[in-house]
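This report concerns only the one structure given below.
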Amino acid sequence: MSIAIKSTSILFNRLSFATLQRYLQNRGWEKRPSKREKIAIYFKEYPQATEIILPLDRDFIDYNELILKAIHKISLIENRPTEQIVNDLLLPPSDVIRFRVENRRTELGLISFSEGFTLLENAKKSLFSTACDLVNPTPYHKRMSYKSAQQFIESCFLGQTERGSFVASVVCPFVNDTVDETPSQLSLFSTEEELYLSFTRRVTKRYMKTLSKLKIAIESGDHDQIEKPDVSDVISANFIESIVELGEYGDQDMIEISTSWSSITKEVNDVPSKVTFTKDHIPPMLAIISRLKPQDEGKHGHFVGKVSKAQADPNPDNRTEGEITFNFIGDEEKIIKAKVFLNTNDFSKALDALDKGLNVKVTGLLKSSGKSKIIENSNFQLLE
């Protein structure tokens, strides 16, 4: 037996006929009488008449073959890749959020390490912000420390990357928040109502609704629906920031966010399943963020890190100052990049630190400036 055949056999052997049967029932397939014991027949009229024969016992010699045929037919009816359907069926009851980046750099299905890291970090932030908005609707979360939101995000998984420019997926298993440290995990045997009303489904539905509402507000020019919403529909600046920071949004860039709703609960028909953003959406988002966030008065402190970039007039005789990008660890254990303007003497020290990989200390006022951070009134010091 070849490795490919063996691998396929193992994969389909993991698929439960009970899960597949639940999937078909929830997707509107009609169960018809069967003359054979332990064989179920499912039929769907639209978009084309299709019949699926589903074995209800793994002892059938052609069990894997029949499961494969069933998935292939589902793929044709739903116009989705078979790999995507198999992935959805093998997961615990979950909604899957997919982030597709399309630009010249991702034509081969690859993405740079730094761009990929940024995508995943802000994908996580966007989902976490949505959970926080659900728990405590507010224009800006100074600290996002809500236990139920934390339980939700810690229960999520990074799924397999997929073809289609570059696609990263986040798997969101159905959970409910608890007073304990860990959430309550729902399963295949939970009722449809329990799954549909779970904290996870409430977050994922709100997530796609929020994306759609944000895009419509920008394209219609009606920013008031974001800046002056009803209490229950508040979209935080934290969420909008995460969408802005998902990618670089160059001339050829497009970021598409889509959802595959769980296959074992009723379909979601009142929420869009796909939303796309381009560079044209970014300036309005930045303007909305600036009005939602309280004015940043800055934080004075001592920051230790490394110089990652330095730029100045290439002619030292004309140089009066230089600009560096300074990387350090912030309060929430996240890497912060800040711009610092230095006089010629300190800039020379910064070049030395960059060449030798030395740590430096910058004392000053850390403030936000659009999407960037800046340290004002800085004092620069090399650390040996």
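From the list (1) 21.2; (2) 24.0; (3) 24.6, can you say which value of Kirkwood radius over Cα pairs in Å was derived from the structure given? Among (1) 21.2; (2) 24.0; (3) 24.6, the one derived from this structure is (2).
When you filter the GluC sites (Glu not before Pro) in the stretch 53-147 for DSSP loop state and at most 12 other Cβ atoms inside 10 Å of their Cβ, you are left with E107.
Close amide H pairs (under 5 Å, H built 1.01 Å from N) link S263 with S94, residues at least 5 positions away or on another chain. Residues in the stretch 73-88 carry Karplus couplings, in order, of 5, 4, 4, 5, 5, 8, 6, 10, x, 4, 4, 5, 5, 4, 4, 5 Hz; the curve used is 6.51 cos²θ - 1.76 cosθ + 1.60 with θ = phi - 60°, and Gly or Pro positions show x. With a 1.4 Å probe rolled over the protein heavy atoms of all chains, the accessible area of V179, V231, V340 falls in the order V179, V231, V340, largest first. Rounded to whole numbers, the Karplus 3J(HN,Hα) couplings from phi for the stretch 24-37 are 4, 4, 7, 9, x, 7, 8, 7, 10, x, 10, 7, 9, 5 Hz, using 6.51 cos²θ - 1.76 cosθ + 1.60 with θ = phi - 60°, and x at Gly and Pro. When both bridge partners sit in the chain, DSSP labels roughly 95% of those beta bridges antiparallel. Our coupling estimate for the stretch 172-181, obtained by passing each phi through the Karplus curve with A = 6.51, B = -1.76, C = 1.60 and θ = phi - 60°, is 10, x, 6, 9, 10, 5, 9, 7, 7, 6 Hz, Gly and Pro reported as x. Loop-located chymotrypsin sites (Phe, Trp or Tyr not before Pro) in the stretch 154-235 (DSSP state not H, G, I, E or B) with no more than 11 neighbouring Cβ atoms inside 10 Å: F189.
The orientation-averaged projected area of the convex hull spanned by the Cα atoms of the stretch 239-384 comes to 13.2 nm².
When a 1.4 Å probe is rolled over the protein heavy atoms, the share of accessible surface on the chain that falls to carbon and sulfur comes to 50 percent. When the P(r) is computed for the stretch 32-125, the part past 22 Å accounts for 51% of the Cα-Cα pairs. In the context of the full set of protein chains, residues of the chain present 54 Å² of accessible surface per residue (probe radius 1.4 Å, heavy atoms only).
In a DSSP loop and with at most 11 other Cβ atoms within 10 Å, the GluC sites (Glu not before Pro) in the stretch 166-262 are E181. Taking trypsin sites (Lys or Arg not before Pro) as exposed when DSSP calls them loop and at most 16 other C-beta atoms lie within 10 angstrom, the chain has its longest site-free stretch at 164-265.
The values are calculated or read from the model by the stated rules, or taken from the named source; none is laboratory data. The structure presented is a predicted model; accordingly, all values stated were derived computationally and were not measured. With ideal geometry, Cβ positions are generated from the backbone for all residues, glycine too; neighbour counts draw on all protein chains shown. When the accessible area is computed, the model is the full protein with side chains, heavy atoms only, and any ligands, DNA or RNA have been set aside. Shrake-Rupley method; radii C 1.70, N 1.55, O 1.52, S 1.80 Å.
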